[in-house]
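Here, each number is a calculation from the coordinates, and none is a lab measurement. Quantities reported herein were computed from a predicted structural model and do not represent experimental measurements. Cβ: placed from backbone, ideal geometry, glycine included. Neighbour counts: every protein chain shown.
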Amino acid sequence: MNPEKIDYNRINENEIIDDGGIDAAFQLKDLPVYVVYRHGRYKKCFSRDTAINRLAHFMTEKVFRRANRSSRRPDVYREDAEAWERGEVLPEYKLAHARCELRISRLLAEKQKQKRDAERWNKKFRTWAIKHEALIDQKKESEKIYNQLMKSRPY
């Protein structure tokens, strides 16, 4: 706020001069948000299940569009309500969506398992490396222990 541009004659004595609350209105918060971006479509979701569901919809709709198949029944005009009623989702689309959701869940589970296995291996390697360094520092006093350690190396 630039104090030179404020017209103090227009301010009542009960008013508080501030920056208009812009700091309160615009804040960057650290929230756990899942962002789904696929085939040019973008969606933010607060839960993992919703994010997987939206991703499956994006992917299934893209496949149906490529196959020139409709994912819904045709729209119907209701004269009594003077409005268009959207057609319901086809059973084939629901099955394809369910398969896609399951496949995404399996891929994410496999990715998590690989990450966990890599962390375990790194931990195992670090402990082995510490022992190896200690034995090298001892100038190989015990050749038998050193050979046994080398046989049990994780790589």
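For segment 34-64, chymotrypsin sites (Phe, Trp or Tyr not before Pro) meeting the loop criterion (DSSP other than H, G, I, E, B) and having at most 12 other Cβ atoms within 10 Å: 46.
Relative to the globular-protein estimate of 2.2 N^0.38 Å, the Cα radius of gyration of segment 31-151 stands at 2.00.
Applied to segment 104-117, the Karplus parametrisation 6.51 cos²θ - 1.76 cosθ + 1.60 on θ = phi - 60° returns per-residue 3J(HN,Hα) values of 4, 4, 5, 4, 5, 5, 5, 4, 5, 5, 5, 5, 5, 5 Hz, with x for Gly and Pro.
Restricting segment 91-155 to GluC sites (Glu not before Pro) that sit in a DSSP loop and have at most 15 other Cβ atoms within 10 Å of their own Cβ leaves 141. Within the shell of other residues whose beta carbon sits under 9 angstrom from the beta carbon of residue 75, the net charge comes to +2, with Lys and Arg scored +1 and Asp and Glu -1.
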